[in-house]
Amino acid sequence: MPTSCFKMLSTMFILSIILSSLSIAVATTVEYDYVIIGGGTAGCAIAARLCSNLQDATVAVLERGTPRTLEENFQIQPANNVYGNWDIPSLVQRWESEINPNIALVSPFNKPILNDKGELQFGRKTTILTGNTIGGSTAISAGQWTTPTLREITDWGIHKLDNANALRLLNKAKTTVKTMIPPPSFRQNYSLDWLESANTASNYTEIDEVVEFQTTFDHTGKRRSSYESYLLPAMEGLCAKTLTVIQDATVIKLVSTGKKISRVEYVSTTSGNVTDVKSISAKLEVIVSAGPYGSPHLLLLSGIGPKPVLEAVGITQIANLPVGSNTQARPLAGITSFYAGMPLDWSNDPSIKTPQAREQFEKGNGGIYAVGIVQVGATLKEGYIEATFSLPAIAGGVNILYTLCLLNPTSRGNMSLINTSPFTPLSIFQNLLGTEEDRINMEICVQKVRAIHEAFPQNFLMSNISPEPNVALSDYIPY
């Protein structure tokens with residue numbers, strides 16, 4: 001089922017741009033050397049690096065999410081809790097995209113909705129998810145560590161970031177996060193069979209690399225997000241006196257002093273009162289690191305972006321930058337199969353997450369809570385493949401294998417403001433499968449997934465559920 005993993009071409013903006021003068025009176029302003037907007041995936045790492053390397057500098061992190069309760073802290077920890085986390089409003093912001101004209105309408109069970117002539121009906125919205133808590137989306141993701149291919153690094157086109165530098169930095173990050181292959185006791189049963197089948201399929205279909213993923217969970221199955229890996233050690237160590245983290249802070253505007261962004265205004269996320277404005281200023285730099293949705297949202301609210309987009313909601317442009325343009329959304333589609341010939345192993349059955357199992361996990365003794373939901377996959381020219389034998393949202397106690405394609409898209413979309421409220425999400429036009437190349441590549445990718453499923457040993461008695469055997473992949477891809 002196509003959904004999206006949204007990726008901006010840049011998720012962090014270090015703002016030292018020349019702007020026209022803008023003056024807004026705020027009663028009280030607290031000052032730091034550096035102000036980082038967003039305590040998510042990048043923001044936690046940036047804050048830790050800054051305060052550790054510049055120990056005389058003061059650093060403040062503004063995070064939209066509210067401090068987590070004890071129960072919320074537990075919910076994000078286990079490797080097997082990912083699906084449930086996506087339904088907790090205090091941890092996740094979710095909304096619908098604009099209509100994707102190339103994606104078909106489906107029923108709740110992913111069956112296509114046909115018109116009177118038996119034809120697919122196109123024009124579907126998809127659900128967008130982003131982390132809304134300290135650590136950002138690394139606090140709610142499946143936790144697999146995927147190293148970009150050298151081809152991808154080249155395509156990024158980042159100044160002075162060649163393959164050698166990128167791999168050096170990625171290896172340094174892996175050491176900091178302490179990624180690891182799940183131990184055998186935390187492994188989904190049959191995942192090694194998937195690896196063998198993928199290697200078999202690679203003999204007659206083009207698969208670059210078959211991998212058992214490194215994950216961002218520790219030896220007890222507990223999550224190591226960007227917060228646990230970077231920010232918390234800094235707060236408890238070198239930066240105890242110089243690093244400040246302010247949660248429950250929704251930034252509403254970037255403000256310039258002369259020629260440079262030097263101050264930001266924010267309000268309480270909890271209260272939502274946009275008239276109770278607080279202010280914080282930076283002597284040296286404001287760093288916007290609010291993620292692929294938060295960063296462009298804040299820039300546009302501040303008058304930084306295309307003039308037509310800003311004027312549509314009555315915002316005066318102060319800098320003409322292509323904010324919200326040329327975005328990428330990674331469409332997903334996969335194969336769901338039923339294996340009748342093998343028993344359902346406990347490690348693949350999320351329905352056994354009982355209070356006793358929770359107690360076992362909290363004591364550091366593993367169990368079902370410690371088993372990650374995505375542990376194996378592959379890299380392709382067309383994108384990535386990920387596989388799971390544990391799908392509580394669809395199965396929960398059923399012998400199911402789901403392998404999906406995450407496409408490297410050529411389609412481009414855009415973002416725009418719906419109104420001037422900082423609490424109204426952006427309008428997101430993903431344009432999934434918006435080019436013929438994307439549609440062809442997705443079909444190729446799913447065909448490779450089908451080859452992997454068909455390569456399983458005969459004793460698995462593997463049979464496709466979706467798409468059904470009589471459905472052509474060219475017809476299946478749009479839904």
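The values are calculated or read from the model by the stated rules, or taken from the named source; none is laboratory data. Values in this document were obtained by computation on a predicted structure and should not be read as measured data. A quick note on method: Cβ atoms are made from the backbone with ideal geometry, for glycine too, and the neighbour counts reach across all protein chains shown. Side chains included, ligands, DNA and RNA excluded: accessible areas come from the protein's heavy atoms. Shrake-Rupley method; radii C 1.70, N 1.55, O 1.52, S 1.80 Å.
Couple of notes before you dig in:
- Filter result for residue 173 (under 30 Å from residue 270 (Cβ atoms) and at pLDDT 90 or above): no
- Restricting 438, 475 to residues that are of a type in the set (Asp, Glu), crowded, with 21+ Cβ neighbours inside 10 Å and in contact (Cβ under 8 Å) with a residue 24 or more places away in the chain narrows the list to 438.
- Against the test of being of a type outside the set (Asp, Glu), surrounded by 13 or more Cβ atoms within 10 Å (Cβ to Cβ), in a helix (DSSP H, G or I) and modelled with pLDDT of 90 or more, the options 138, 154 yield a single qualifying residue, 138.
- The test for being part of a strand (DSSP E or B) and more than 30 Å from residue 63 (Cα to Cα) holds for residue 401.
- Test: residue 349 is of a type in the set (Asp, Glu), buried (at least 19 other Cβ atoms within 10 Å of the Cβ) and under 25 Å from the mean Cα position of the chain (by Cα): yes
- Residue that is farthest from residue 414 (Cα to Cα), among those in the range 304-327 that are of a type outside the set (A, V, I, L, M, F, W, C) and buried (at least 20 other Cβ atoms within 10 Å of the Cβ): 305
- Positions within the range 83-107 being open to solvent by 50 Å² or more (accessible area, probe 1.4 Å) and under 23 Å from the mean Cα position of the chain (by Cα), in sequence order: 86, 87, 89, 94, 96, 98, 99
- Filter result for the condition that a residue is of a type outside the set (Asp, Glu) and open to solvent by 20 Å² or more (accessible area, probe 1.4 Å), over 467, 457: 457
- Enumeration of residues in the range 102-126 that are without any contact (Cβ under 8 Å) to a residue 24 or more places away in the chain and not in a loop (DSSP other than H, G, I, E, B): 114
- The strands (runs of 3 or more DSSP E) found entirely in the range 182-288 that carry 1 or more residues being under 30 Å from residue 369 (Cβ atoms) and either open to solvent by 60 Å² or more (accessible area, probe 1.4 Å) or free of Cβ contacts under 8 Å to residues at least 24 places away in the same chain (or both) are 209-212.
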